[in-house]
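Beneath this line is the structure, given in structure tokens, with notes to follow.
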Amino acid sequence: MTTRQRLDLLARAYPRLFPRTELLHLLRDQLGHVDALDTWIRREDVRVRARAPKIIYHICAGNLAVSAWTSLAHGLLLGAHNVVKLPGDRDEGNRPSSTTRREILAFIRGLPAPLRKLVETHRELDVDLLHQAEVIVAFGADTTMKGLRALIRWDQKFIAHGHALSLLWLADPNRLTPRQARACAVDILIYDQLGCLSPQAIYVPPGTDFYSLGRKLAHALEAHWLGLKKKPARPLSVAARIAEARDMAHALGHRVWLPPKHHLGWTLIHNPDPAFQPSPLHGVITLREAGESRLGAALASVAGRISTVGITDRLSARLENVFLGLGVSRFCAAGRMQFPPLTWHHDGRSSLADLVAWIDSENFE
């Protein structure tokens, strides 16, 4: 099959996840031409073409299926043989890995037969197959990445997506509009905060009216929660984490906003300490205040780990430099944190270009 044929099959199978126009743009953006895998492309005085890896080994995390879907789509677009190591039986982020595994398998079953033939799945890590792969793409905890690196040869490409987190920055919180508040609620509640693009804290500048801001955000969170067609489960372990976060905040005298009927869908807490602390996830979000001069120190513990910053207004040049110094790899409008374009650089990497090798044919005249 040609690249265009694989692209059309993928786009027809999953038009909302992988629109044809976005797939075309992805190929042009990262390989320079849609047909770069199938024919020579001229770049100035040199002809080049891309060579796809024969085997890509995908190691999937148990928290969300969408990262596995996207990684697999990249491999299918390239025409590689894709070995998928499914999540194990343990839980990640208090979401049963079996749920994620079912979603990945359902995605594969939904592929057209010519693409499905390019995929094989395994429940356990197959070290022999791992060593045959030219590229390994892995998602999971940092300890998982460290263990995998020890197994991989020096000449294999290892693309590791370890622990990462995201934040919201409200530049003018006292003028937050209902639309902006709803956008923040979308970012917080999509995927139950289990992905690397899920904000774990909301930072605001000094002078914020927290009473007013809290009411606006609480109203938006409740409205979005009530509108969810499929609400995330709250098993006992998750309920306990949410209850503990609420009880601790109350004990420390922090302001807490809860749903009208005190359900476990979301929790908003104002913590006066600007220093970042991980969220218990599952709709628990913390408001923290830090000006431009203090933000770097407040986020020092997660420098190099911040994937995305969602913003409601334009960033000042100084604040942008603070975030860049912390290693942030993506800025976007609030409400779009969980919906990056296919061309986004996940953890600062090129999703297709990093997978291929290039062949040059120089002018012999």
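The values are calculated or read from the model by the stated rules, or taken from the named source; none is laboratory data. Keep in mind that this is a model prediction, so the values were computed, not measured. Heads up, the Cβs are rebuilt from the backbone with ideal geometry, glycines too, and the neighbour counts pull from every protein chain shown. In case anyone asks, the SASA skips ligands and DNA or RNA and just uses the protein heavy atoms, side chains included. Shrake-Rupley method; radii C 1.70, N 1.55, O 1.52, S 1.80 Å.
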Requiring at least 1 residues that are within 23 Å of Ile359 (Cα to Cα) and of a type in the set (Ser, Thr, Tyr), the strands (runs of 3 or more DSSP E) wholly within segment 1-109 are 55-59
Would you be able to say whether some residue in segment 257-269 is among the hydroxyl-bearing types (Ser, Thr, Tyr) and part of a loop (DSSP other than H, G, I, E, B)? no
Test: residue in segment 183-193 that is hydroxyl-bearing (Ser, Thr, Tyr) and under 21 Å from Leu295 (Cα atoms): no
Among the residues of segment 96-125, count how many are surrounded by fewer than 18 Cβ atoms within 10 Å (Cβ to Cβ) and touching a residue at least 60 places away in the same chain (Cβ under 8 Å). 4
What tally of residues in segment 47-65 results from selecting those that are open to solvent by 40 Å² or more (accessible area, probe 1.4 Å) and farther than 22 Å from Leu151 by Cα? 3
Condition broken by Thr144, with the remaining ones in (1) open to solvent by less than 40 Å² (accessible area, probe 1.4 Å); (2) in contact (Cβ under 8 Å) with a residue 60 or more places away in the chain satisfied: (1)
Among the residues listed as Ser212, Ser198, the single one being in contact with a helix residue (DSSP H, G or I) (Cβ under 8 Å, 6 or more places away or on another chain), of a type in the set (Ser, Thr, Tyr), over 17 Å from Ala290 (Cβ atoms) and open to solvent by 10 Å² or more (accessible area, probe 1.4 Å): Ser212
Looking at (1) closer than 28 Å to Val66 by Cβ; (2) assigned to a helix (DSSP H, G or I); (3) touching a strand residue (DSSP E or B) at 6+ places or on another chain (Cβ under 9 Å), which one does Ala239 not meet, given that it meets all the others? (3)
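Results for (1) loosely packed, with under 13 Cβ neighbours inside 10 Å; (2) touching a Cys at 6+ places or on another chain (Cβ under 7 Å); (3) under 24 Å from Ile311 (Cα atoms), shown as yes or no for each residue.
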residue: Gln180; (1), (2), (3): no, no, yes
residue: Val186; (1), (2), (3): no, no, yes
residue: Pro205; (1), (2), (3): no, no, yes
residue: His219; (1), (2), (3): no, no, yes
residue: Leu228; (1), (2), (3): yes, no, yes
residue: Ala249; (1), (2), (3): no, no, no
residue: Leu264; (1), (2), (3): no, no, no
Of these, Asn321, Asn363, which one is without any contact (Cβ under 8 Å) to a residue 40 or more places away in the chain, out of contact with any helix residue (DSSP H, G or I) (no Cβ under 8 Å at 6 or more places or on another chain), open to solvent by 20 Å² or more (accessible area, probe 1.4 Å) and not aliphatic (A, V, I, L, M)? Asn321
Quick check on my filter: what residues within segment 21-38 are in contact with a helix residue (DSSP H, G or I) (Cβ under 8 Å, 6 or more places away or on another chain) and open to solvent by 30 Å² or more (accessible area, probe 1.4 Å)? His33, Asp35, Asp38
Could you run through segment 161-178 and say how many residues are closer than 21 Å to Ala141 by Cα and open to solvent by 40 Å² or more (accessible area, probe 1.4 Å)? 1
